[in-house]
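Following: one structure in structure tokens, then a few remarks.
What follows draws every value from the coordinates through simple rules; no lab data is involved. These numbers come from a predicted model, not from an experiment. Quick reminder, even Gly has a Cβ in these numbers, built from the backbone with ideal geometry, and neighbours come from all protein chains shown.
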Amino acid sequence: MKFIGETRFPDFFFPMSFPYVPNANVAGPINVFGILLASFNMMRSILFSLSMLIAILSVSQEGYRTIPADKPKVFPVDTPFVDTLLTPREGDVKFTVQPRVATLLKDYANHEHSQNGYRVQIFLGDRNTAESTKRSFLQRHPDVPAYLSWLAPNFRLRVGDLHTRLEAEHLLHELKTTYPGSYIVPDEVEMGRD
């Protein structure tokens, strides 16, 4: 805030605010400069508001402008209406990649990329039973990945790389008859698998 005489004015960064004159009704010397500056700020705020209103109205009316129809476009009969850029053409495409970018792409492909998702845990127990359960599960469902992990003192078998809870519910519904104690757990899943 700026103080000039008896009048308090906002900074110029707030064009919509109006100046505050605290001693307007008090008898005493009149600060002419303060009153002129307050009037200027008020006019500036009003002009800013009007210019914004005009800009908004002109943008909203832009879609409804009509083009005079004094010269309609007429295409000859033999003009094709198919865009030539969309038709396939034969040729060789050569990409030039900087060596540092190629190295980054190779490194990116070699790293594991995980994101938050869901899996269905179908077993928690000893190692031998967990491994046999994993083998039997992969024989029945070869397209669903299975992960065996150790959580002291047990081994847990989680299956699937599911990105949404709805996908996890669907897989749980399929597995509930074979694995009645299975349940959904949030986990980090691999991005490349569905």
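Subtracting the Cα-Cα distance from 0.36 nm times the residue separation, let me have the gained length for residue 114 to residue 147 in nm, one decimal.
Values: separation 33, 0.36 × 33 = 11.88 nm, distance 1.40 nm.
In short, 10.5 nm is gained.
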Per-pair calculated FRET efficiency, R0 = 41 Å: residue 164 and residue 107 via Cβ, rounded to 0.05: 0.90
18 Å reach of a label modelled at residue 191, 7 Å along Cα-to-Cβ, counting backbone N of region 145-162: 161-162
